[in-house]
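S.K.: My structure is below; once you've seen it, I'll send some questions.
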Amino acid sequence: MSPGLINILRLLVDLYATILIVRLLMQLVQADFFHPVSQTIFKLTAPIVEPLHRVFPTIGGFNTAALIAAILTKWAFFLVVMGFGELYLSQLPMLLLIASISLVSTLIDIFFYGILIVAISSWIGTSAHPTVRLVSQIIDPYMKPFRNLIPPIGMIDISPMVAIFTLMFIRGQLLPLLNGLF
């Protein structure tokens, strides 16, 4: 398989896994279900998540079927790419762990860009836009501990910067350690 085709396939798999994780987060925080973006995400993910609901139920607000679908999507990419080379049965559990860890990176990206969207929209005065409110609903559980620990300095809220630095630390220091284990 050519490197260009592998990169295109990786892009598509990463995009779909991101959409699955966003669905998981939206259900977890009970975001606005009637927003057009929410409806699109639910329609795009329904073909893979709905059949998995029969086996993996939603626990509280946590949609285990969406999480399993995201892991399986990433795992399937590794299986396809490794299938063109030598793939041993003993590698399958390791590839499943690698797929799970790569979803942590996806989650970091979602929070990182969500914080940037909300921060920039507050600077330009569009924080009341329905899509920005939806993004804010998704990232609020992550942002809440930072807002509780770091009070605003006058009219300046530095908690988003600390939250972004924390994400950068996790991505730069902790994820390489986890990847090094496998």
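Just so you know, all these numbers are worked out from the coordinates, no wet-lab data involved. What you are looking at is a predicted structure, and each value in this text was computed from that prediction instead of being measured. Cβ: placed from backbone, ideal geometry, glycine included. Neighbour counts: every protein chain shown.
S.K.: Would you mind pulling out the separation of the Cα centroids of the range 118-182 and the range 1-61, in Å?
M.R.: 22
S.K.: Related question: Just to confirm the filter: which trypsin sites (Lys or Arg not before Pro) across the range 1-85 are DSSP coil and have at most 15 other Cβ within 10 angstrom of their Cβ?
M.R.: Details: sites: R10, R23, K43, R54, K74; in loops: R54.
Those satisfying the criteria are R54.
S.K.: Taking the chain as the reference, fit the longest principal axis to its C-alpha atoms, fit the long axis of helix 130-149 to the helix C-alpha atoms, and give the angle between the two in degrees, 0 to 90, nearest 10.
M.R.: Between helix and principal axis, roughly 80 degrees.
S.K.: Sticking with this one: Over all distinct Cα pairs, what is the inverse of the mean 1/r for the chain, reported as the Kirkwood hydrodynamic radius in Å?
M.R.: 18.0
S.K.: Counting other beta carbons within 10 Å of each Cβ, put H35, H129 in order, fewest first. Intermediate results must be reported in sequence, preceding the final value.
M.R.: Numbers: H35 16, H129 13.
Exposure proxy ranking, most exposed first: H129, H35.
S.K.: From the backbone phi of the range 92-99, what are the Karplus-calculated ³J(HN,Hα) couplings (6.51 cos²θ - 1.76 cosθ + 1.60, θ = phi - 60°) in whole Hz, Gly and Pro given as x?
M.R.: 4, x, 5, 5, 5, 5, 5, 4
S.K.: Then there is this: Fewest first, what order do F77, F33 take by the number of other Cβ atoms within 10 Å?
M.R.: Numbers: F77 21, F33 10.
Starting with the residue having the fewest Cβ neighbours, the order is F33, F77.
S.K.: Would you mind computing, in nm to one decimal, how far apart the modelled labels at L92 and H35 are, each placed 7 Å from Cα along Cα→Cβ?
M.R.: Label at L92, label at H35, 3.9 nm between them.
S.K.: How would you classify the range 124-175 from its alpha-carbon gyration tensor, with a ≥ b ≥ c the square roots of the eigenvalues: rounded for a/c under 1.5, else prolate if a/b is greater than b/c, otherwise oblate? Provide the component values of the computation, followed by the final result.
M.R.: Working: a/c = 2.14, a/b = 1.36, b/c = 1.58.
Verdict is oblate for the range 124-175.
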